[in-house]
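Taking it in order: structure first as structure tokens, then the write-up.
The values are calculated or read from the model by the stated rules, or taken from the named source; none is laboratory data. For clarity, every value in this text was computed on a predicted model and none was experimentally measured. Neighbour counts run over all protein chains shown; Cβ positions are idealised from the backbone, glycine included. Just so you know, the surface numbers come from the protein's heavy atoms only, side chains and all, with ligands and any DNA or RNA stripped out. Shrake-Rupley method; radii C 1.70, N 1.55, O 1.52, S 1.80 Å.
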Amino acid sequence: MARQQQKIITPLVRKFKMKDITIKRPLADSVLMISVYYKHHAPGGMAAVIQYYEGHFEKLHYVASWRLTNVFGRIWYAVTAYLNVFFRLIFDRKIKILHIHTASDMSFWRKSQFVKLGKFFGKKVILHVHASRFKDFYSETTKKELIRKNLLLPDRLIVLSQSWKEWFVGIGIPEKNIVVLHNITDYPKISNDNDCTQSNRPLRFLFMGEIGERKGVFDILRGITNHVDELNGKMVLRIGGNRHEDELRKMISDNHLDDLVKFEGWVSGDKKIELLNWADVFILPSHNEGLPISILEAMSYGMPVISTPVGGIPEVVSEQNGILVTPGNEEEIINAILFFINNPDTISSYGKVSKEIVKTYLPYYVIGHLKFIYE
């Protein structure tokens, strides 16, 4: 971690350690946050972050600029959000800061219009980049200079990890403009002492994320399919997620994986807590990422992690608390699964390291750091 960032982080850890922080008025009233629709357990990493934030603002002033719906609904959300922000900046003189969350692709181009609007009204603007595939978005476009120009407009660019900060510096964004703010996960609600070494049962693996090739869930299933006899009776994988549900169910059925794999659908609330308490090992072999909330959630429950060295993941997962595999490599995924099946005694020690690493991703630290940035 860069020295400048460490100088900020160290006193913050001391100051906010194990104390709940709330962003109180009038500071909360000075911030207008813009991002995706997040109510009613809406899916997605940005929605999860905002759900956590809401509980730590005395009042969260918020405009939803996008929702997972049909194309007409998405256009409606974008247009009405822009008009909403425009008139609020005219009439609400308390607003000093726009905190804008963005992904890549069309999300970035939409949010750039809000950045320009905030600068037009003379506000401080924070652009908070959550994009897992921003590197691909940048490398594949012919509009690199326009992207850089838009990234130079905000007063602060928030990124999720030191590796992402270094990447943005590498494309020409001044280091002084970039702040690493850890993704946030809630305090764990541990309801039982789950010791996999004390009972003769299959090892429990958990996947939570978008159903599709990007998160690697089909890589897991292809690997399991090639090793059914070896894994039968030794493991159970429960999958929580949305999007390509029918394709997932078909793959489980066609390959006779029903005894090994259980699909739970989209999980949130009490169901998510139940799964996090049930599982022994978390698995998310993504092809690209920012820094997944689901990994941080699993680590807070003391789980080892099987994942990939993409985005900010290597900053929280190492050989001390998990196994990193090559994206798309089904054999490496199975070897990692077999390692924990054959060495269940390592799960507790790996899990303790996960709990220690995740401390600076819990609300007392993240909200404290966010408050520091606002101030």
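Where the second residue is hydrophobic (A, V, I, L, M, F, W, C) and open to solvent by 100 Å² or more (accessible area, probe 1.4 Å) and the first is under 17 Å from GLY45 (Cβ atoms) and part of a loop (DSSP other than H, G, I, E, B) and lies in region 237-251, which pairs have Cβ atoms under 9 Å and are six or more apart or on separate chains?
Close Cβ pairs satisfying both conditions: GLY241/TRP266; ASN242/TRP266.
Which is assigned to a helix (DSSP H, G or I), basic (Lys, Arg) and over 19 Å from VAL179 (Cβ atoms), of LYS149, LYS59?
It is LYS149.
Is it the case that some residue within region 104-114 is surrounded by fewer than 17 Cβ atoms within 10 Å (Cβ to Cβ) and closer than 15 Å to MET33 by Cα?
yes
Given the criteria open to solvent by 50 Å² or more (accessible area, probe 1.4 Å) and of a type outside the set (S, T, N, Q), does ARG214 qualify?
For ARG214, the condition - open to solvent by 50 Å² or more (accessible area, probe 1.4 Å) and of a type outside the set (S, T, N, Q) - is met.
Just one of the numbered conditions (1) modelled with pLDDT of 95 or more; (2) open to solvent by 20 Å² or more (accessible area, probe 1.4 Å); (3) of a type in the set (D, E, K, R) is not true of ASP270; which one?
Every condition holds for ASP270 apart from (1).
So, of the residues in region 92-103 that are open to solvent by less than 40 Å² (accessible area, probe 1.4 Å) and modelled with pLDDT of 95 or more, which turns out to be farthest from ILE184 (Cα to Cα)?
ILE95
Where the second residue is modelled with pLDDT under 90 and the first is hydroxyl-bearing (Ser, Thr, Tyr) and lies in region 131-144, which pairs have Cβ atoms under 7 Å and are six or more apart or on separate chains?
Pairs that qualify, where the first residue is hydroxyl-bearing (Ser, Thr, Tyr) and the partner is modelled with pLDDT under 90, are SER132/ASN288; SER132/GLU289; SER132/GLY290; SER132/GLY311.
For region 292-325, give me each residue that is open to solvent by less than 10 Å² (accessible area, probe 1.4 Å), among the aliphatic types (A, V, I, L, M) and either part of a loop (DSSP other than H, G, I, E, B) or in contact (Cβ under 8 Å) with a residue 24 or more places away in the chain (or both).
Of everything in region 292-325, those that are open to solvent by less than 10 Å² (accessible area, probe 1.4 Å), among the aliphatic types (A, V, I, L, M) and either part of a loop (DSSP other than H, G, I, E, B) or in contact (Cβ under 8 Å) with a residue 24 or more places away in the chain (or both) turn out to be LEU296, ALA298, MET299, MET303, VAL305, ILE306, ILE313, VAL316, VAL317, VAL325.
Could you tell me which of the residues ILE50, ILE95, ILE100 is outside any strand (DSSP E or B), touching a residue at least 60 places away in the same chain (Cβ under 8 Å) and under 24 Å from VAL366 (Cα atoms)?
From the options ILE50, ILE95, ILE100, the qualifying one is ILE95.
So which residues in region 125-134 are under 22 Å from GLY44 (Cα atoms) and either open to solvent by 80 Å² or more (accessible area, probe 1.4 Å) or at pLDDT 95 or above (or both)?
ILE126, LEU127, HIS128, VAL129 - these are the residues of region 125-134 that are under 22 Å from GLY44 (Cα atoms) and either open to solvent by 80 Å² or more (accessible area, probe 1.4 Å) or at pLDDT 95 or above (or both).
Has region 25-37 got any residue that is more than 21 Å from the chain's Cα centre (by Cα) and exposed (fewer than 14 other Cβ atoms within 10 Å of the Cβ)?
yes
Residue-by-condition table, conditions (1) within 15 Å of the chain's Cα centre (by Cα); (2) farther than 19 Å from MET299 by Cα:
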| residue | (1), (2) |
| --- | --- |
| TRP164 | yes, yes |
| THR185 | yes, no |
| GLU210 | yes, no |
| ASN232 | no, yes |
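Just the residues that are open to solvent by 20 Å² or more (accessible area, probe 1.4 Å), under 30 Å from GLU356 (Cβ atoms) and touching a Leu at 6+ places or on another chain (Cβ under 9 Å), please, taken from region 139-178.
ARG156
Checking the conditions here, which among GLY122, GLY118 is within 20 Å of PHE86 (Cβ to Cβ) and either open to solvent by less than 10 Å² (accessible area, probe 1.4 Å) or assigned to a helix (DSSP H, G or I) (or both)?
Only one candidate qualifies: GLY118.
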